[in-house]
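In what follows, a single structure is set out as structure tokens and then discussed.
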Amino acid sequence: MRENARMRSGAAIVGAAVLAFSALVAHAQIPPGWRLYPLDGRPVMQAAPSGSDGVRLQGESAVSLAVKPVPPAWISPGTCLSWRWRVDAGPPATDLSHRGDDDRAIALWIGFKAEAEAMTLAQRYAYGMIRFLSPVSDPPGFILAYTWGGSVPADRWEGMPQPFLGQIVRQRVLRANGYGRGWTEETVPLTEDFRRAFGVPATPLMQIAVFADGDNTRSRTDVAVEGMRLAPCPPGLPPRPVPSGNNGTSGSARR
């Protein structure tokens, strides 16, 4: 019975997360092309356009996820993702590995299509639960979360500290603190990062999402992302070291 209670609790948690990431309810103030989702009844941030293609989120003691769907498309090896983002206000440093305390100013979530042959048994099971709980028939099966928050930047990809969703989301801190310094440009080797995080070639790209979270620390949040684009990686892009292990998702573990 305790196991059943834990499963029900885990299902409730992932159900809230999936509803936030995949629900079909649009917010009236969201910029064209984006959808803003609440999370488990908590206060929602205000949304506004940023540049020609981006979104700005503002709020206090609030959490929101803004999603921009894209037509599923394969991305070739050596593809980079570039964008610019800014944090004018956000939560203090938190422990992103501890569920319930893991506020972060902003994270860019890149969603990829689920491919059974690319997934471990644990990932397929988790994805089955996510599909069962989601109102969307085809939610992302893999998510890379580039984060501005936490305590220190890290090269290592970590799973989110949540049941089921933690199997398909890998997060990595790109920047920590340093708020209020204007726009910051980023370029990441997207296909290489996917392989580092999940141990297999990248599946088709499906979604880009912006996640901002300041409810646990009751923080004021003011963040924006814009200028997102895919292109071949520039020559001389400094490679990052591949961390030892890959969170149990190596190709040799697949069946």
| said: Less than 15 Å Cβ to Cβ from Lys113, Lys/Arg counted +1 and Asp/Glu -1: what total charge do the surrounding residues give? | reply: -1
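With a sphere of radius 12 Å drawn around the Cβ of Ile130, what net charge do the other residues whose Cβ falls strictly inside it have (Lys, Arg +1; Asp, Glu -1)?
Local net charge: +1.
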| said: Taking R0 as 30 Å, what FRET efficiency do you get between Phe132 and Trp74 from their Cβ-Cβ distance, rounded to the nearest 0.05? | reply: 0.65
| field | Packing-based exposure ordering (other Cβ within 10 Å, fewest first) of Phe112, Phe132 | value | Phe132, Phe112
| said: Per-residue counts of other Cβ atoms within 10 Å, averaged by peptide: what ranking do you get for 44-56, 224-236, highest first? | reply: 44-56, 224-236
| Phi-based couplings in Hz for segment 148-158 (Karplus 6.51, -1.76, 1.60; Gly and Pro marked x) | 10, x, x, 10, 9, x, 8, 7, 6, 8, 10
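Just so you know, all these numbers are worked out from the coordinates, no wet-lab data involved. Predicted model, so just to flag it, every value in this text is computed and none were measured. No Cβ is skipped: glycine too gets one built from the backbone with ideal geometry, and neighbour counts run over all protein chains shown.
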